[in-house]
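These notes are about the structure you will find just below.
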Amino acid sequence: MHIKNEQTPSRPLDAGPFYHGTKADLKPGDLLVPGFCSNYGERKKAKFVYFTATMDAAIWGAELAVGDKKGRIYQVEPTGNFENDPNLTDKKFPGNPTRSYRTKHPLRVVGEVLEWEGHSPEELQKMRDHLDELKRLGIEAIND
C-alpha cells in the first residue's frame, strides 16, 4: 500500500526553514508560483514549485539551474500545503533525507542566503554528467 505523505493542518511535514535554489533575481515578498518552465530536464511547464529544508539540496538547485547568472539561494515560506517531492522520495532515497518538497501553492521569498559554499568543480561536473546520462536514457528529472 502506498501512502502519500502530505501535510495536514494538524501535522506539518517539516518545520523548516525552507530554501529554493535558482538563478533568478528575487527579492523579499516575491512569490514563486507553478506554471513557469522548469529549470531542469525538458523545461516543461512546472505544475509544482520545489523547495527543500537542507542547504545542500538548495545549493544543487542553485548550481544546476539553467542560465548564465550566478546561483542564488532564497529562504522561502510555503503559503499552503505541500508534499514530499516524489522525484527523490523513495525513488532515489528511502524516506526523505534531502527534505525536498513540492507545492501547487506559492512560496514567499523571505530573504536571500548570501553566504554558502558551492560544490567543487569536480563534483559539479560529475552531477552534470549524471544528469546528461539520465537525459540520454530518456529519464525525466521532474515528475509532474
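Read-outs: derived from the displayed coordinates by stated rules, not from any lab. As the structure is a prediction and not an experimental result, all values here were calculated from the model. In this analysis, Cβ positions are derived from the backbone assuming ideal geometry, glycine residues included, and neighbour counts consider all displayed protein chains.
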Q. Listed here are the pairs K27/K69; K45/K104; K47/K126; K104/K126; which of them are more than 24 Å apart at the Cα?
A. K47/K126; K104/K126
Q: Rank these for me by crowding, E63, E123, going from fewest to most other beta carbons within 10 Å.
A: E123, E63
**Q.** Residue exposure sequence - R108, R128 - by fewest surrounding Cβ within 10 Å
**A.** R128, R108
Q: Report, by chain and number, residues whose modeled amide H sits under 5 Å from the one on N81, excluding near sequence neighbours (fewer than 5 apart, same chain).
A: none
Q.
Just want the ordering: S120, S100, from fewest to most Cβ atoms lying within 10 Å of their own Cβ.
A. S120, S100
